[in-house]
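The block underneath contains the structure these notes are about, expressed in structure tokens.
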Amino acid sequence: MPFDLIQEMGHEQVVFCSNPSIGLRAIIAIHNTSLGPALGGTRMYPYPTEEEALKDVLRLSKGMTYKSAASGLNFGGGKAVILADPKKDKSESLFRAFGAYVNRLNGQFITGEDVGMDVHDMEYIFMETDYVVGLSKSHGGSGDPSPMTAYGVLQGIFACLDQRGHGKNLKDITVALQGLGHVGYWLSRYLKEHGAKVIACDVDTSLCEKAVSELGVEIVDPQKIYDVECDIFSPCAMGGILNEHTLPRLKAKIIAGSANNQLSSDDLGKQILERNILYAPDYVINSGGLINVALEIEGYSEYRAKLLTKNIYHHLKRIFEISKKQKLCPQLSANQLAEERIRNLGNIRRSHRLNPDRIRRENPKD
Ligand code: NAD
């Protein structure tokens, strides 16, 4: 039953959006607004069943609560899913009908781009509501968040090295990097600039060629990335890649990358700890992109986005200290910290709603 599931996951509000004449079926899930309005992307996916769509949106929105809280942002967690196929169901009316639903929530939910959506789709949503972030620079938004995500991962790598007594020094460090897409490319670039050796892979050979010619990255077969002799393993491709088969193959003593949901199961965190590998919790180390888009709400400045993203270093150091003291895997320590922040600040601030006048976008650029 939906209510059992919703109550079990602790959501505040779930909105089912339906417009049969346009073919809109969407779900907006607001998990927790103790820290501020719920912030989270909109995903478009052809879910085989409505139940799977509901489960996904509940899981993703809860994850956003933790991510915002752990990154020191004053936002809650939310997410939306549009039950449709991005390859054939996209239309102006579909996105504008969805945008009207977002608008009706009066700023309790602010959304951005997620899987299956692109900047053009977001612009249709923006025609119906101001409660949108991650717009293109031509619309006064912050543009592609990937360079900031990569910058945050770099800060996380510094925190890991420092924790292991190496200081913030990437000289003599080898990083095995999986995925040379938006984040992986920028991360390779930052790592090389700081003197690290980068051995990378991607299933897309054109991205490998670009990284070799522009950055001087070494390439390995994607199947062999787990066996590379290295100090840091940096997953920047897909989720679930840390599992029973891949973990024993890793040579690195640090795992720090941008991919979402890296651990295939909760139990894996414990195994990583037992192997004396330092794991940077994914949702903390990859929060630079979220910090970047969140800043659009108060008026985007790249300088300020970088300053806040630099704090990922300090957030991780705190998480590692707790993890060491309590002999807990860092993922659980990060959850603890996020829950503590929500509890403490939730006692002070109540009933958040974003006033559209507070959204100050930069003047649109040419
Ligand atoms: P992307 O799609 O641009 O890049 C992913 C790359 O991984 C692609 O080039 C793809 O070819 C490659 N890949 C897929 N399977 C692979 C495999 N088996 N071996 C090697 N390479 C493989 O995505 P992105 O925006 O760079 O994001 C990377 C990861 O970081 C994703 O998990 C994403 O959810 C997460 N993330 C991204 C951001 C962001 O700002 N872009 C923010 C937070 C988290």
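Just so you know, all these numbers are worked out from the coordinates, no wet-lab data involved. Model, not experiment: these values are computed from the prediction. Using ideal geometry, Cβ is built from the backbone for each residue, glycine included, and neighbour counts are taken over all protein chains shown.
Rounded to whole numbers, the Karplus 3J(HN,Hα) couplings from phi for segment 239-251 are x, x, 7, 9, 9, 4, 8, 7, 4, x, 7, 5, 9 Hz, using 6.51 cos²θ - 1.76 cosθ + 1.60 with θ = phi - 60°, and x at Gly and Pro.
Taking amide H atoms as placed 1.01 Å from N in the peptide plane, the amide H of Ala200 lies under 5 Å from those of Leu177, Glu218, Ile219, Val220, each 5 or more residues away in sequence or on another chain.
Ranking Pro37, Leu94, Val198 by Cα position along the charge dipole of the chain, where only Lys, Arg, Asp and Glu carry charges on their C-beta atoms, puts Pro37 farthest toward the positive end. For segment 146-342, the dipole from Cβ point charges (+1 on Lys and Arg, -1 on Asp and Glu) about the Cα centre works out to 720 debye, to the nearest 20. Here is the list for segment 183-259: GluC sites (Glu not before Pro) lying in DSSP coil, each with at most 12 other C-beta atoms within 10 angstrom of its C-beta, are Glu229, Glu244.
Counting only residues at least eight positions apart within a chain, or on another chain, the aspartates and glutamates with an alpha carbon under 20 Å from that of Lys224 are Asp202, Asp204, Glu209, Glu244. Within the straight-line cut-off of under 28 Å between alpha carbons, the lysines reachable from Lys137 are Lys67, Lys79, Lys87, Lys88, Lys90, Lys192, Lys210, Lys306, Lys310, Lys365, sequence neighbours fewer than 8 places apart in one chain being disregarded. Amide hydrogen proximity for Val132: with H placed 1.01 Å from N in the peptide plane, the residues at 5 or more positions away or on another chain lying under 5 Å are Thr111.
If only the Cβ of Lys and Arg carry +1 and only the Cβ of Asp and Glu carry -1, the dipole of segment 1-98 around its Cα centre is close to 360 debye. In segment 146-342, Cα pairs under 8 Å separated by at least six residues give a relative contact order of 23 percent. Look at the dipole of the chain built from charges on Cβ: of Leu316, Ala252, Ile6, the Cα furthest out on the positive end belongs to Leu316.
Modelled spin-label separation between Met127 and Phe16, with each label point placed 7 Å from Cα along the Cα-to-Cβ direction: 2.8 nm. Once both labels are positioned 7 Å from their Cα atoms along Cα-to-Cβ, the gap between Glu302 and Glu8 label points is 4.6 nm. Counting DSSP beta bridges with both partners in the chain, what percentage is antiparallel, nearest 5? Taking every DSSP beta bridge with both residues in the chain, the antiparallel ones total about 30 percent. Here's the picture: charge each Lys and Arg Cβ at +1 and each Asp and Glu Cβ at -1 in segment 146-342, and of Ile297, Tyr151, Leu161 the one pushed furthest to the positive end of that dipole is Leu161.
Remark: relative contact order (the chain) = 18 percent; criterion is Cα-Cα distance under 8 angstrom and separation of 6 or more residues. Around the Cα centre of the chain, unit charges on the Cβ atoms of Lys, Arg, Asp and Glu (plus for the first two, minus for the last two) sum to a dipole of about 1260 debye.
Length gained on full extension, Arg59 to Glu340: 99.2 nm, using 0.36 nm per residue less the C-alpha separation.
Screening the chain for whole DSSP H helices with an alpha carbon extent of at least 27 angstrom along the helix axis and a mean Kyte-Doolittle hydropathy of at least -1.0 yields 50-70.
The translational diffusion coefficient of segment 146-342, from Stokes-Einstein at 37 °C and 0.692 mPa s with a Kirkwood hydrodynamic radius over alpha carbon pairs, comes to 197 µm²/s. Secondary structure note: in segment 9-159, about 50% of the DSSP beta bridges are antiparallel. Equivalent ellipsoid of the chain: semi-axes from √(5λ) of the C-alpha gyration tensor, largest first, are 33, 23, 21 Å.
Expressed as a fraction of 2.2 N^0.38 Å, the C-alpha radius of gyration for segment 268-353 is 1.27.
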